[in-house]
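Chemist: Just dropping this structure here.
The values are calculated or read from the model by the stated rules, or taken from the named source; none is laboratory data. Because the structure is predicted, anything quoted here is derived from the model rather than measured. Note that each Cβ is placed from the backbone with ideal geometry, even for glycine, and that neighbours are counted across all protein chains shown.
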Amino acid sequence: MISIRRLTYFDAPKIKKMISYLGNDDRISQTLTVNAFALCHGLLPLKFKFMPESYILLKDGEILGLITIVPTSGNPYKINITKLIFKQNMYDVGKQLVEFVVARYGAKGAVSFIVTVEQSHDELLDLFLQGCGFRQCSYENLWKLDNFTPIQTTKAHFRHCQNSDAKYVARLYNSELKNLYRPSLERIKSEYVEPVFAGLANGYKNRFVLEEPEKEKIIAYLSITTNDNYNFIIDMSLNDAYNINYDEVINFALSEISSRKSRFCAFLKHRQYTKNADNLEKYLHERNLNCIQTQCVLIKDYYKQIKQSENALQIFQFGEFSSN
């Protein structure tokens, strides 16, 4: 008999055994820890959720697969699929888990589901695209900042991002999206507001903004994120109307990390769906940096059929839900 249910504390030994063939199974197991607060979190309405939630698929008591979702900070109706684990070649198990969370959280009010998949993983891409109805939007790349030495030493005058900046940062991010991708990838201002329970979330994130002198207009946004306090991801949104020096931005980010950690690895996120993506890629090649990862951005919009009378036209409502 097949069943899908929420991950519990007592499943930990079975999960560890299932993923024991992975070299980093201890780190993965730690990220799946279930505590008392997580159990209470599972009872919250979707609009209040902020922590990861995991589900497992069992057959005759044996765990065959696991999926983890994380609501987007500031916009819990946008769901990120962050883990999908299943026994070798059991892609149907993965498909059932994905369909389960889409149906479960879609019924609760979720309007979109997002996952990033390694470009080289053809079978997994096919699972989401052909099996689960996701569509491919674009790509995200990670470039490793090995022995990075800035050409120019001028320091950019970044300041810490405040919640009052959220509207302007969201406006900056959305304005830099290529028009083709804006409907699917736009962000709202609450996604840039520091959550009340930020201290309970996994990992660390620091945010900065750069203003245009005198006009007090935000022209750059920078975030530094880590989940293990060793590997740091630098992500930036820059207004392409201004000639912002990449060296200065990256150098500032590295100096912020080095002020806290003496040993670390830093990576730069390159989003191919932004207007300055080509210029940034050209710069990274000129600096002889290496792209170590390319992921496809896949999205599925959840819709509900509107109740209709007999013999009426069939009408669908796409991506519009009340938060009440």
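Chemist: Which condition does Cys137 not pass, out of (1) modelled with pLDDT of 95 or more; (2) within 16 Å of the chain's Cα centre (by Cα); (3) buried (at least 18 other Cβ atoms within 10 Å of the Cβ), if it passes all the others?
Modeler: (1)
Chemist: Restricting the search to region 162-216, which residues are among the small types (Gly, Ala, Ser), modelled with pLDDT of 90 or more and either more than 24 Å from Asp240 (Cβ to Cβ) or assigned by TED's automatic domain parsing to the domain that holds Thr72 (or both)? Working first, answer last.
Modeler: Step one: of region 162-216, the residues among the small types (Gly, Ala, Ser) are 164, 166, 170, 175, 184, 190, 198-199, 201, 203.
Applying the additional criterion that residues be modelled with pLDDT of 90 or more yields 164, 166, 170, 175, 190.
Within region 162-216, Ser164, Ser190 qualify.
Chemist: Among the residues of region 220-264, how many are at negative phi and under 23 Å from the mean Cα position of the chain (by Cα)?
Modeler: Of region 220-264, the ones at negative phi are 220-228, 230-264.
Keeping just the survivors that are under 23 Å from the mean Cα position of the chain (by Cα) gives 220-228, 230-239, 249-250, 253-254, 256-257, 264.
Result for region 220-264: 26.
Chemist: Shifting gears a bit: Please go through region 167-189 and give me each residue that is of a type in the set (S, T, N, Q) and without any contact (Cβ under 8 Å) to a residue 12 or more places away in the chain, ordered by number. Steps first, please.
Modeler: Of the residues in region 167-189, the ones of a type in the set (S, T, N, Q) are 174-175, 179, 184.
Correct list: Asn179 only.
Chemist: Inspect all residues belonging to region 4-19 and state whether any of them is at pLDDT below 80 and within 19 Å of the chain's Cα centre (by Cα).
Modeler: To start, the set of residues in region 4-19 that are at pLDDT below 80 comprises 9, 12-19.
Those left that are additionally within 19 Å of the chain's Cα centre (by Cα): none.
Looking through region 4-19, none of the residues is at pLDDT below 80 and within 19 Å of the chain's Cα centre (by Cα).
Chemist: Looking only at region 265-280, decide whether some residue is in a loop (DSSP other than H, G, I, E, B), at pLDDT 95 or above and either on the phi > 0 side of the Ramachandran plot or of a type outside the set (Lys, Arg) (or both).
Modeler: yes
Chemist: Among the aliphatic types (A, V, I, L, M) and closer than 27 Å to Val169 by Cβ: does that describe Ala103?
Modeler: Values: among the aliphatic types (A, V, I, L, M): yes; closer than 27 Å to Val169 by Cβ: no.
No, not satisfied.
Chemist: Let me ask something additional. Can you name the strands (runs of 3 or more DSSP E) wholly within region 35-142 that have at least 1 residues being within 30 Å of Lys189 (Cβ to Cβ) and β-branched (Val, Ile, Thr)? Walk me through it before giving the result.
Modeler: Numbers: elements: 53-59, 62-72, 75-86, 112-118.
Where strands (runs of 3 or more DSSP E) fall fully within region 35-142 and carry at least 1 residues being within 30 Å of Lys189 (Cβ to Cβ) and β-branched (Val, Ile, Thr), they are 62-72, 75-86, 112-118.
Chemist: Any chance you could count how many residues in region 225-237 are at pLDDT below 95 and crowded, with 23+ Cβ neighbours inside 10 Å?
Modeler: Looking only at that region, the number is 0.
Chemist: Give region 50-62 a look and list any residue that's aliphatic (A, V, I, L, M) and surrounded by 19 or more Cβ atoms within 10 Å (Cβ to Cβ), or say none. So that I can check it myself, show each step before the final result.
Modeler: Applying the first criterion (aliphatic (A, V, I, L, M)) to region 50-62 yields 51, 56-58.
Once the filter is applied, which keeps residues that are aliphatic (A, V, I, L, M) and surrounded by 19 or more Cβ atoms within 10 Å (Cβ to Cβ), region 50-62 yields Ile56, Leu57.
Yes/no matrix, rows are residues, columns are (1) over 30 Å from Met1 (Cβ atoms); (2) more than 21 Å from the chain's Cα centre (by Cα):
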site: Met51; (1), (2): no, no
site: Lys59; (1), (2): no, yes
site: Gly74; (1), (2): yes, no
site: Ala107; (1), (2): no, yes
site: Val111; (1), (2): yes, no
